[in-house]
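Since every read-out is calculated from the coordinates, none of them should be taken as a lab result. Please read these numbers as outputs of a predicted model, since none were measured by experiment. Glycine gets a Cβ as well: all are built from the backbone with ideal geometry, and neighbour counts include every protein chain shown.
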Amino acid sequence: MSFEQLTQDFERLLETGDPLAMRQFLDEQNISDIAELVYEYEEHESKIIASMAVHRAAGVFKILEFPTQQRIIKTLPPAKTAELLNDLPPDDRTSFLEELPGSAVRELIKLLDPEERKITLSLLGYPENSVGRLMTPDYIYVYENDSVLEVLDTIRRIGKDTEMIDVIYVINEKGELLDDIRIREFILANPALKVSELMDDRVISLNALEDQEVANEAFKMNNRVALPVVSDTNKLLGIVTIDDVLWVANEEFSEDIQKIGGTEALEQPYLEMNIFKLFKKRVVWLIVLFIGELMTISAMQQFQDEIAKVVILATFIPLIISSGGNSGSQAATLIIQAMALREISISDWWRIMRREIISGLLLGATLCIMGVSVILFWHIFSDAFGIYYKSIAFTIGISLVGVVLWGTLVGSMLPLLLKKLGADPAASSTPFVATLVDVTGLIIYFTVALSTLSGKLL
């Protein structure tokens, strides 16, 4: 069914007001289609969720954006809210609650069943952005001395209440993780075999206190749909599934892009955010960059006598500083992306510097040739550069090499330095790099000019 047909049928049901027909209709649709319906009919979003079977409603709710979730919870009847929260997978429920103010969390936790409340409080007890916040306790575990037949009985008995049954986890009497075995191994195995006979001891696990980015890297490297989460003593605490890691990766990517663009990370979608909060997110970086540009003015004042003597030098200032800023922004973006993908680390700084020196020289030489060619070609048709046009061309060419090389080095090394200091590498945003290179680029430009034009034009 097309989305247009879906909306037409939904509008007809709204007109009839038949709750049973509405429930049957919504329960027959794909969860992703219902989510689109919620976004399309914001005024009826709570009605849509309330009209569905609670398990289906939880499936829709967990894939909605946080502002939409927040509005729905505010308008749902308390009884329906309790049903919805209790049916949500613990990891999705924790992700929702941790975005809310503390007072709202306390009120909503009161609506949970005792067991669900215990699980939620446990997950919320882990540090923000830790693997523990992502894990769910809904998994199947067995013991190494169990038979395959006993394992299959366990799967039948509790499998319907777990988030996934693709992988079965093996523990000992102390609760320590021993192995993870795919369910197909049990299905194909002789029922009389012991679990220990199927183990290969190649289990990969995550620590509950590790950063969520570690989980992202582990999933990427090991091609798993779920990974077990353990304590420092190797006690099995829960599992993390690939859908939660993908959600985190998307949020991390959005934050880094915003920081690279010269603004603080936004906690809400752009159109949902209060205009004054958006102002506060952007104004801090603009002030910092404004102060940085004041340094550019200060640098130009130091060379105002030279500019007054050779006005033609001033016309090339935008070309020089933009070339350096652009090369720095390119390098910073490449390095930040490589760090996010775990392709490089701080220990690779010397290899990175060597590559960027070569890249900077090649890029600078290319722009040097272009700059010198433009001036020499221009002189054929105009005497704007005077008799010392070759010296001016040489000045521009050498300055471009120096500024581009410097911009490349700053752009590549600054993210590594920030990482070393414990800061977010994305904070070395391209505007910041560009501003820093602007100041130093002017110094390089006029230092070269003083050296090459002294005794001629200066």
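PRE reach from E210 (point 7 Å along Cα→Cβ): which of segment 216-246 fall under 12 Å by backbone N?
What the label zone holds, given the 12 Å backbone N cut-off, is 216-222, 227-232, 240.
Would you work out the relative contact order for segment 3-125, in percent, from Cα pairs under 8 angstrom that are 6 or more residues apart?
Across segment 3-125, relative contact order equals 19 percent.
Given R₀ = 45 Å, FRET efficiency for I369-R342 by Cβ-Cβ distance, to 0.05?
Once rounded, the FRET efficiency stands at 0.75.
Alpha carbon centre of segment 179-209 versus segment 340-394: separation in Å?
Each part reduced to its Cα centre gives a spacing of 58 Å.
Determine, from the Cβ-Cβ distance of N172 and A423 and an R0 of 60 Å, the FRET efficiency 1/(1 + (r/R0)^6), rounded to the nearest 0.05.
Efficiency, rounded to the nearest 0.05: 0.90.
With labels modelled as points extended 7 Å from the Cα through the Cβ direction, what inter-label distance (nm, one decimal) is found for D243 paired with I165?
Going by the 7 Å Cα→Cβ label model, 1.7 nm.
Please list, in chain and number order, the residues 5+ apart from V203 or on another chain whose amide H is under 5 Å from its amide H, with Hs placed from the backbone.
D180
Charges on Cβ only, +1 for Lys and Arg, -1 for Asp and Glu, centred on the Cα centroid of segment 3-125; of L13, G59, F3, which one is farthest towards the dipole's positive end?
G59
Can you pull the one-decimal nm distance between simple spin-label points at W378 and Y143, each 7 Å off the Cα toward Cβ?
8.5 nm
Can you tell me the length gained on complete extension of the stretch H55 to D153, counting 0.36 nm per residue apart and subtracting the Cα distance?
Taking H55 through D153 to full extension adds about 32.8 nm, to one decimal.
I need the phi-derived Karplus couplings for segment 82-89: 6.51 cos²θ - 1.76 cosθ + 1.60, θ = phi - 60°, integer Hz, Gly and Pro marked x.
With the stated coefficients, segment 82-89 comes to 4, 4, 5, 5, 5, 8, 5, x Hz.
Under 5 Å between amide hydrogens, which residues at least 5 positions from I168 or on another chain qualify, with H placed 1.01 Å from N in the peptide plane?
Distant-sequence amide H within range of I168: I181, R182, I183.
How high is the FRET efficiency between N223 and S2 when r is their beta carbon distance and R₀ equals 35 Å, given to the nearest 0.05?
According to the calculation, E is roughly 0.50.
Beta carbons within 10 angstrom, averaged per residue: use that to sort the peptides 432-444, 192-204, 396-408, highest first.
396-408, 432-444, 192-204
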